[in-house]
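These notes are about the structure you will find just below.
The values are calculated or read from the model by the stated rules, or taken from the named source; none is laboratory data. Because the structure is a prediction, the values reported are computed rather than measured. Cβ atoms come from the backbone with ideal geometry, glycine included; neighbour counts cover every protein chain shown.
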Amino acid sequence: MNNALRRLLLLLGLAFLAAPSAASAQSYANTVWDQLKRGYDSNQSQGFSSRNYIMGRLNDDASDTWSFALTAGMTYKFWGVCDGDCSDLDIALLDESGTELESDVLTDDNPIVEFRPKKSGTYKVKVTMAACSTNPCFWGFAIFQK
């Protein structure tokens, strides 16, 4: 067997092995998206409108942070969800200097933080994957406002 044929077979084999993983990732992402859509329905009935949706994946005990401009006097709700391998997701809202203003660090996979800023400015949302049984875990959060 020549080298070109070996490489082709190796690439086909790797592609075959990667396919179930990609399908699984899509399934986990769909699980998260379905939960975010349910959050939309629930929050819309309370007078909130959707502002942003963020989805990603994190390993156990990892975190990531995003910055958003928030307007004084508006009420914001940060609604987090994660896949079936995640049993604890946390959300914290920080000011520009990194001081925690609000958080939901309960041992659950649906953190909700509601916040009404006294002043307009840039705020940070920190998401922490507190418990993930199979790395990485897929998660998402929505920002609702009214």
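Data overview
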item	result
Qualifying residue in region 29-41 (condition: basic (Lys, Arg), surrounded by 19 or more Cβ atoms within 10 Å (Cβ to Cβ) and modelled with pLDDT of 90 or more)	no
Meets criteria (farther than 18 Å from Leu36 by Cβ, in contact with a strand residue (DSSP E or B) (Cβ under 6 Å, 6 or more places away or on another chain), free of Cβ contacts under 8 Å to residues at least 12 places away in the same chain and of a type outside the set (Phe, Trp, Tyr)) for Glu100	yes
Answer from Lys126, Lys118 - the residue that is assigned to a loop (DSSP other than H, G, I, E, B), basic (Lys, Arg) and in contact (Cβ under 8 Å) with a residue 40 or more places away in the chain	Lys118
Output for region 57-94, where each listed residue is among the β-branched types (Val, Ile, Thr) and within 14 Å of the chain's Cα centre (by Cα)	Thr65, Val81, Ile91
Long-range neighbours under 6 Å by Cβ, at least six apart or interchain, first residue over 20 Å from Pro117 (Cα atoms) within region 81-95, second assigned to a loop (DSSP other than H, G, I, E, B) and of a type in the set (D, E, K, R)	Cys82/Asp109; Cys86/Asp109; Ser87/Asp109; Leu89/Asp109
Test: Thr65 is of a type in the set (Val, Ile, Thr), in contact (Cβ under 8 Å) with a residue 24 or more places away in the chain and not in a strand (DSSP E or B)	no
Residues of region 95-114 satisfying the condition of being over 13 Å from the mean Cα position of the chain (by Cα), within 30 Å of Asn30 (Cβ to Cβ) and either surrounded by fewer than 18 Cβ atoms within 10 Å (Cβ to Cβ) or among the β-branched types (Val, Ile, Thr) (or both)	Glu102, Ser103, Val105, Leu106, Thr107, Asp108, Val113, Glu114
